[in-house]
Amino acid sequence: MRSLIAAFLALILPLTECAGIDGTDEPPVEATTTTSTLAAAESPDGVEFASTLQNFDDCEALLAHIRAEAMSRVGPYGLDGDRFGPVFGARAVATEDAAEADFAVADSAAAAPAAESGGGDDGGGADFSGTNVQVIGVDEPDIVKTDGRRIITVRNGTLTVVDVTGAEPTITGRVLLGERWGGELLLHGDRVLVINNHYGTIGPPAADLGDGRYSRDIVIIDEILLDGTPRRGRSLQVEGRYVSSRSIDGTARVVVVSHPDELPFVYPRNAAGEPIAADANRAVVARSTLEHWLPDYRVVSSEGSVTEEGRILACDRVYVPSQFSGFGSLAVLTFDLDESLTLGDGASTFAAGETIYASHQNLYVATNTWLPQPFFDDDNWLRDIDQRYRTSLHKFSLTPGGPAVYEASGSVKGHLLNQFALHERGGHLFVAVTNGSPWSANRQSESLIFALEQRDDVLAVVGSVGDMGRGERIYSVRYIGDRAYVVTFRQVDPLYVVDLADPTAPAVLGELKIPGYSAYLHPVGDGLLVGIGRDADDTGRIQGFKASLFDVSDPTAPAEIDTWTLADAESSVEWDHRAFLWWAPENLMIVPVSSWRNEVPSGAAVFEVTAEAGLDYQGLITHSTEDFTFATDCYHEFDSEALEEGWEIPLLLVCTPEQVGNPVGYGCETVPAAAARNWDIDLDALGTEVGDEDRIQLCWPQERGDAERIDRSLIIGGNVWTLSRSLLQSNDLDTLDRQNRLVLPG
């Protein structure tokens, strides 16, 4: 059991930031070409400073540093062994003959004023709403955007533009993006950036340590031009995984995490082969180049030709922690949304990241401590994880139109919940954490808020307040002005009000305990705060959806003045704040709700929220599919023989560019016809001719609740627009009567 749990932790513990563990890192066996310095001071609260970041003058020095770190950690099972760390590649078995193997590798070559956090509909005007963002004026990506005239959505690899200025909504264009998942978009004028994850390769096979390039995670940023008929612009492809992005005044920052190429490490067949495998793997590391450790990119024109390619950043823009933090890297890429897409300028750390927070002046990357293999060899490793688990923070300054520039690093004990745990005010960074690891909560746990300020290249802790939620963990945080509101939960929901006016001495002013918890908090007027989460009984057992209205005008005595519950239901706002809509001109709150019981309709609950009336429920907007029978304008087959045996796809569609497809009540995966054979689809077996511009849809029937679940709400003029998987619908803002419905293409 111990080894199974350890292996599980090895998968979920990221190879990330700094805050090293004393006595666990072995010194590198090769000298680096730079001097590492660690801000090793420790505060009375036991808060350690993170290792700072440094950069190198040339590529040879950077490569020497990376090789040295890898050489000290490589063994017979690759980097950090096969149980407690990543193994990049395992395509050969070490035997006595392997010691004489010719690796045929190339030699190393040197390559060339801050807004407060608070609720707001960023990007909106007097007549339409925008994305619900954490910091007003700092736009966040979403699956839907509007400028008051158009609604732009990205779903299932298809971008759709809908004109809403006429009597009925009209689709003015669609762009099939290809094989993508997790798509989000940023909108600026007539230009859209669509950011997706993909799995594949960048560039042709090249001379390296193995058999060429291997499929891996890729971030694809597609530029879509909306002037005239919506059409493709350029496409940027970067090796790695998309974390998040932000946009301020036409400048976008996109954060990408990457991991090294697969290296041809070998495995021993038995213990006798371990020395041979270790020698072979050290030879692999010694002959590695920067191309194996740092991500590549390429820019593709709208016609499909490659116009740029290479490594994403110059060596002197790559910052390395002074304490080893894993072999992943994080890039903050900067794009001018008024210009054609090209490789974004920016900075990179040789340490991956997980949580992003941005003010108008700075961007912070938070990550969890990298834990090396020897840490797990201690018999008390599970207990020590909670005691030593830390969050590291890296600060990058954001100059208008310029690249992100690394400034400083720091570290605090415990783990973050999400981006709302971070807040910048008056030159200080506030961080809300629960001590211990995110997957365990014990009766000794507590939650804290730390205040940090930059001192040279260190984010130093200058104050803290703790003892919140003993035996509980944080479920939501919201900073408003010089106050923080923190919700913890185990059996009841304590809402804490924290005074941050003096960062050196933050203090808990008041506390409220009620059943259930709030997973998202939103300010809705002077002294009023809405909480969205779950209802629970006195034992902590979850009952269903709950909305709470809190009066926090007296910070010493917060009160719950109204609630609204729905049994056996939940809201996606709990894990995605962008699903929440607050329309201040009308004091309206719109929250998607869905029931665990299929007979209860899902929809968007509408409330008028005031101190006098509380949560005044107006009604439920639904996307009922009962009045839809199966219909599609595409050629369709049921149980198609074109699919490889073993596929259980009840419906296959062939759609031309002009056809909508995406039948209501079905969930469909969209595949470009050119890529269909990669999905084992025999186009010749279909009963219709398939063109290169066509697309294939593989569709499964959905449960009623899934088909009708509303993901987003928008307000444009006098209408509420709601988006589900297949439908875009408008309802009158005053009466909530349905006005128009539009089936969206997939």
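The values are calculated or read from the model by the stated rules, or taken from the named source; none is laboratory data. Computed from a prediction, not measured in an experiment: that's the story for all the values here. Backbone-built Cβ (ideal geometry, glycine too); neighbour counts: all protein chains shown. Keep in mind that these areas ignore ligands, DNA and RNA; they rest on the heavy atoms of the full protein, side chains included. Shrake-Rupley method; radii C 1.70, N 1.55, O 1.52, S 1.80 Å.
So is Thr153 within 19 Å of the chain's Cα centre (by Cα), closer than 14 Å to Leu744 by Cβ, open to solvent by less than 30 Å² (accessible area, probe 1.4 Å) and modelled with pLDDT of 95 or more or not?
yes
Quick check on this structure: which one of Ala579, Ala569, Ala613 is among the hydrophobic types (A, V, I, L, M, F, W, C), under 25 Å from Pro523 (Cα atoms), open to solvent by 10 Å² or more (accessible area, probe 1.4 Å) and at pLDDT 90 or above? Please lay out each step first, then the result.
On the way: Ala579 fails: open to solvent by 10 Å² or more (accessible area, probe 1.4 Å); Ala569 fails: open to solvent by 10 Å² or more (accessible area, probe 1.4 Å).
Answer to the check: Ala613.
Taking Gly531, is it among the small types (Gly, Ala, Ser), surrounded by fewer than 22 Cβ atoms within 10 Å (Cβ to Cβ) and within 20 Å of Ala605 (Cα to Cα)?
no
Considering every residue within the range 404-414, establish whether at least one is among the β-branched types (Val, Ile, Thr), open to solvent by less than 10 Å² (accessible area, probe 1.4 Å) and in contact with a Ser or Thr (Cβ under 7 Å, 6 or more places away or on another chain).
So far as the range 404-414 goes, yes, one or more of its residues are among the β-branched types (Val, Ile, Thr), open to solvent by less than 10 Å² (accessible area, probe 1.4 Å) and in contact with a Ser or Thr (Cβ under 7 Å, 6 or more places away or on another chain).
Could you pull out the residue among Leu452, Leu393, Leu398 that is under 25 Å from Ala252 (Cβ atoms), surrounded by 24 or more Cβ atoms within 10 Å (Cβ to Cβ) and at pLDDT 85 or above?
On the way: Leu452 fails: under 25 Å from Ala252 (Cβ atoms); Leu398 fails: surrounded by 24 or more Cβ atoms within 10 Å (Cβ to Cβ).
Leu393 is the lone residue from the list that is under 25 Å from Ala252 (Cβ atoms), surrounded by 24 or more Cβ atoms within 10 Å (Cβ to Cβ) and at pLDDT 85 or above.
Among the numbered conditions (1) open to solvent by 20 Å² or more (accessible area, probe 1.4 Å); (2) at pLDDT 95 or above, tell me where Gly691 comes up short.
Just one mismatch for Gly691, condition (2).
Out of all the residues in the range 158-197, which are closer than 24 Å to Cys655 by Cβ and open to solvent by 40 Å² or more (accessible area, probe 1.4 Å)?
Asp163, Glu168, Thr170, Ile171, Thr172, Arg174, Leu176, Glu179, Arg180, Trp181, Gly182
Consider the range 455-486. How many of its residues are open to solvent by 10 Å² or more (accessible area, probe 1.4 Å), more than 13 Å from Phe430 (Cα to Cα) and of a type in the set (S, T, N, Q)?
0
Tell me yes or no: at least one residue of the range 319-331 is at pLDDT 85 or above and either farther than 25 Å from Leu79 by Cα or in a helix (DSSP H, G or I) (or both).
Checked against the condition, which is being at pLDDT 85 or above and either farther than 25 Å from Leu79 by Cα or in a helix (DSSP H, G or I) (or both), the range 319-331 yields no hits at all.
Tell me which residues, restricted to the range 130-175, are closer than 20 Å to Ser245 by Cβ, outside any strand (DSSP E or B) and aliphatic (A, V, I, L, M).
Val133, Ile136, Val138, Ile143
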